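Okay, so here's the structure we're looking at.
The values are calculated or read from the model by the stated rules, or taken from the named source; none is laboratory data. Just so it is clear, the model here is predicted, and its values are computed rather than measured. Here the Cβ positions follow ideal geometry from the backbone for every residue, glycine too, while neighbour counts run over all protein chains shown. Ligands, DNA and RNA are stripped out before the accessible areas are found, and what is left, the full protein with its side chains, is counted by its heavy atoms. Shrake-Rupley method; radii C 1.70, N 1.55, O 1.52, S 1.80 Å.
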Amino acid sequence: MEFGAVFHRATDNYCYALDENQLIINIKTGYDVKEVNIIYGDPFANGILGGGEEWTGDKTGIPYKKRLKHQLWWTTTIVPEFKRLKYYFELITEDEKWYYFEDGFVSEEQMQLSGRSRQCFTMPWLNPSDVNKTPYWVNETIWYQIFPDRFCNGNPDINPENVLEWGSKKKIENRDLYGGDLQGILDRLDYLQRLGITGIYLTPINESPSNHKYDTTDYEKIDPHFGNELMMKTLVQSAHSKGIRIMLDAVFNHSGFYFKPWQDVLEKGPQSEYYDWFMINQWPLEKGAAKKGQLYTFAFFDGMPKLNTNQPKVREYLIGVVCDWVRKYDVDGIRIDVANEISHTFCKELRTALKAIKPDIYILGEIWHDAIAWLRGDEYDAVMNYPLAGSMKDFFIDESLTGEDFEYMVNRCYTNYMQQSNDVLFNMLDSHDTIRLRSVVKNEEEYRALLTLLFTMPGSTCIYYGTEIGMEGGFDPDCRRCMPWNQIEEGVFDERIKFMRELITLRKSQPLMRERNFHFPSEYENPRVIQFWKMGWSEKLEIVVNSSDEEIELLKCKEGKVLFSQKLENGVLQSGGVCVRFFDRI
């Protein structure tokens, strides 16, 4: 047996409470393992621990498995009668059998040795307050990310002095200001509602000298070039009246250069009452202090000093700020910028405070890597699913990848976390931090195929402003171009908007589009075809994407109904085509 391929631990995504009664148990093995059984029972079924008891348990098979690149992921659900569980695994290959305990592997002969210790895996107790609870409304939300300065200029009277003519520059620069504001977003709510949007994620709106506002000057003030508190309240109320929720961006890893406490530090040095609000290693600071190690900052930008969220006063201030946003504006979500560098202590206190005000508020972290350490149920609800976005785009960039590779990727992304987190992961294909989707892919077919796949993924779906019209743009800052409203109103992008509206409608009307369980083929006839099914109790969806150079004939089923397609003719899917079909399960 491939012992090195086997892994389990009785925590995190390998063993967790789905709710107050159900326990999800997962184990990884190599492909040589053909059968996995779990032997489980109450830890005290045969007496107290250390009392000379001979513990035995019930055995049941683990029926469900997912294929990863080099391992199998086996999963089952157990309902412990008395809220606690003791267990180990039986692993069967074609020619041998092993037992897997917390302290390693035991052979059949060793199992027969009287008195030999057996260090079982243990889930001590299913405490209801420890169950990871996420706001399920997020699963049904279609988000639309807005970079305010570039979305719409609704009130020229509050334009910055050096504002540029809307969309006037072909090459976008970091210092550019175009005058987009909250009034502009309010003016376009009807457009978003017609598109099918039910959630808006706003990048920062607090006072800042930049266009992106990730260098906060005042956390307690709306940037005057965006609007004011009344305008923000009006925007949220109007959005809510149209069934659209609002999520704000919180920049708590670092402040801006003109943040008053930082200015006080620059003036008074170690004598400033705010000196320990920041991570200063050496004083006085020289030019290039960050790269010299004198000061910790965001990346190596001296003008964005890192806030010390290890300090109680800093945590108290920032948590007070964000709680005030929720009370004042009635927003529905908070996205935490650079969420992996903030102290876990801060994250736990933040969650407690926000959930006390609004139990179903959505707390989203910007983390680009495996984030299980933040998704245990006491910090963030979810993270931005950049690993999924990158892997999906890789399939179209790297033509050596196959449908089987796509299967491995999807399974990897959705076995990293608990089901509760998977249901509300923030899925997108581009953002203010990435190259635009339309500039990644080679043609319109790939652009549409990727969007179709995005809308079939478990979690919550987000499109970046302009993605619905195929807006192009390179890496930051070029991915932050002005929304071309004149062309939109002239009908230049009607066909693309229609495509997006159809996808959104399908996602909202078909629960199986959001279903977390995938079923892939046992064998792939064409390596460049992606095919999988989403199963319900009495129905299923089939999703097919043809990325090959050949046309493929879909299996004709009388009970099948095509819900959505591109380049499908008489059951033949052309190269670059996509198809979503609905079936009643008999």
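Listed residues I361, I319, I336, I367; which is of a type in the set (A, V, I, L, M), out of contact with any Asp or Glu (no Cβ under 7 Å at 6 or more places or on another chain) and touching a residue at least 24 places away in the same chain (Cβ under 8 Å)? Before the answer, list the steps.
Values: I361 fails: out of contact with any Asp or Glu (no Cβ under 7 Å at 6 or more places or on another chain); I319 fails: out of contact with any Asp or Glu (no Cβ under 7 Å at 6 or more places or on another chain); I336 fails: out of contact with any Asp or Glu (no Cβ under 7 Å at 6 or more places or on another chain).
Exactly one residue qualifies, and that residue is I367.
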Output for the stretch 36-88, where each listed residue is more than 17 Å from E102 (Cβ to Cβ) and basic (K, R) | K59, K65, K66, R67, K69, K83
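Looking at the stretch 35-60, which of the residues that are charged (D, E, K, R) and closer than 13 Å to F89 by Cα is most open to solvent (accessible area, probe 1.4 Å)? Can you show your working first?
Pass one, the stretch 35-60, residues charged (D, E, K, R): 35, 42, 53-54, 58-59.
Of the ones still in play, those that are also closer than 13 Å to F89 by Cα are 35, 58-59.
Details: E35: 83, D58: 100, K59: 123 Å².
Among those residues, the one meeting the criterion is K59.
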Identify, by number, the condition in (1) within 24 Å of F426 (Cβ to Cβ); (2) surrounded by fewer than 17 Cβ atoms within 10 Å (Cβ to Cβ) that R335 doesn't meet.
-> (2)
Going through the stretch 561-575 one residue at a time, which ones are open to solvent by 20 Å² or more (accessible area, probe 1.4 Å) and in a strand (DSSP E or B)?
-> K561, V562, L563, S565, Q566, K567, L568, E569, V572, Q574, S575
Can you confirm whether the stretch 524-544 contains a residue that is open to solvent by less than 50 Å² (accessible area, probe 1.4 Å), touching a Phe, Trp or Tyr at 6+ places or on another chain (Cβ under 8 Å) and outside any strand (DSSP E or B)?
-> no
When the stretch 216-245 is examined, which residues are found to be within 19 Å of I142 (Cβ to Cβ) and open to solvent by less than 50 Å² (accessible area, probe 1.4 Å)?
-> L235, V236, S238, A239, G243, I244
Among the residues of the stretch 186-203, which ones are of a type outside the set (A, V, I, L, M), under 15 Å from D332 (Cα atoms) and in a loop (DSSP other than H, G, I, E, B)?
-> T198, T203
From the list D176, D149, which one is assigned to a loop (DSSP other than H, G, I, E, B) and either of a type in the set (A, V, I, L, M, F, W, C) or open to solvent by less than 60 Å² (accessible area, probe 1.4 Å) (or both)?
-> D176
State whether the residues of the stretch 502-520 include one that is within 17 Å of C579 (Cβ to Cβ) and basic (K, R).
-> yes
Cβ pairs under 7 Å, 6+ apart, first in the stretch 208-227 and farther than 20 Å from D157 by Cβ and part of a strand (DSSP E or B), second open to solvent by less than 30 Å² (accessible area, probe 1.4 Å) and at pLDDT 95 or above | D218/N206; Y219/N206; Y219/V321; E220/V321
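Could you look through the stretch 465-477, keep only residues that are touching a residue at least 40 places away in the same chain (Cβ under 8 Å) and open to solvent by less than 30 Å² (accessible area, probe 1.4 Å), and pick out the one that is farthest from K169 (Cα to Cα)? Write out each step before concluding.
Initial filter on the stretch 465-477 (touching a residue at least 40 places away in the same chain (Cβ under 8 Å)): 465, 468, 473, 475-477.
Checking which are open to solvent by less than 30 Å² (accessible area, probe 1.4 Å) leaves us with 465, 468, 473, 477.
Working: Y465: 18, E468: 22, G473: 13, P477: 12 Å.
Out of the qualifying residues, it is E468.
Per-residue answers, yes or no, for (1) closer than 28 Å to A239 by Cα; (2) in contact with a Lys or Arg (Cβ under 8 Å, 6 or more places away or on another chain); (3) open to solvent by 20 Å² or more (accessible area, probe 1.4 Å):
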| site | (1), (2), (3) |
| --- | --- |
| D103 | no, no, yes |
| E109 | no, no, yes |
| P128 | no, no, yes |
| K133 | yes, no, yes |
| Q145 | yes, no, no |
| N159 | yes, no, yes |
Checked the stretch 309-332 for anything surrounded by fewer than 19 Cβ atoms within 10 Å (Cβ to Cβ) and out of contact with any Leu (no Cβ under 8 Å at 6 or more places or on another chain); matches are N310, Q311, P312, K313, E316, Y317, G320, V321, D324, R327, K328, D330
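Out of the strands (runs of 3 or more DSSP E) lying entirely within the stretch 1-93, which hold 1 or more residues that are in contact (Cβ under 8 Å) with a residue 60 or more places away in the chain and either touching a His at 6+ places or on another chain (Cβ under 6 Å) or closer than 22 Å to R412 by Cβ (or both)?
On the way: elements: 15-17, 23-29, 35-41, 58-61, 64-67, 72-78, 85-92.
Filter on the stretch 1-93 gives 15-17, 23-29, 64-67, 72-78, 85-92.
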Given the conditions (1) over 30 Å from L49 (Cβ atoms); (2) part of a strand (DSSP E or B), which single one is not true for T122?
-> (1)
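Based on this model, can you work out whether L248 counts as open to solvent by less than 30 Å² (accessible area, probe 1.4 Å), of a type outside the set (K, R) and touching a residue at least 60 places away in the same chain (Cβ under 8 Å)? I'd like the intermediate steps shown before the answer.
Details: open to solvent by less than 30 Å² (accessible area, probe 1.4 Å): yes; of a type outside the set (K, R): yes; touching a residue at least 60 places away in the same chain (Cβ under 8 Å): yes.
Here the answer is yes, as L248 does meet what is asked.
Do you know which residues across the stretch 127-155 are of a type outside the set (A, V, I, L, M, F, W, C) and under 14 Å from Q420 (Cα atoms)?
Here is the first cut: in the stretch 127-155, the ones of a type outside the set (A, V, I, L, M, F, W, C) are 127-130, 132-136, 139-141, 144-145, 148-150, 153-155.
Once the filter is applied, which keeps residues that are of a type outside the set (A, V, I, L, M, F, W, C) and under 14 Å from Q420 (Cα atoms), the stretch 127-155 yields D130, N132, K133, T134, P135, Y136, N139, E140.
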Residue check, V383 against (1) open to solvent by 20 Å² or more (accessible area, probe 1.4 Å); (2) without any contact (Cβ under 8 Å) to a residue 60 or more places away in the chain; (3) not in a loop (DSSP other than H, G, I, E, B); (4) not hydroxyl-bearing (S, T, Y), all met but one. Which one?
-> (1)
Considering residues that are among the hydrophobic types (A, V, I, L, M, F, W, C), part of a loop (DSSP other than H, G, I, E, B) and either under 21 Å from P387 (Cα atoms) or over 23 Å from the mean Cα position of the chain (by Cα) (or both), the number found within the stretch 457-478 is 2
Looking at the stretch 493-507, which of its residues are open to solvent by 50 Å² or more (accessible area, probe 1.4 Å) and either in contact with an Asp or Glu (Cβ under 7 Å, 6 or more places away or on another chain) or at positive phi (or both)?
-> R496
Given (1) under 30 Å from K66 (Cα atoms); (2) open to solvent by less than 70 Å² (accessible area, probe 1.4 Å), index of the condition W485 fails = (1)
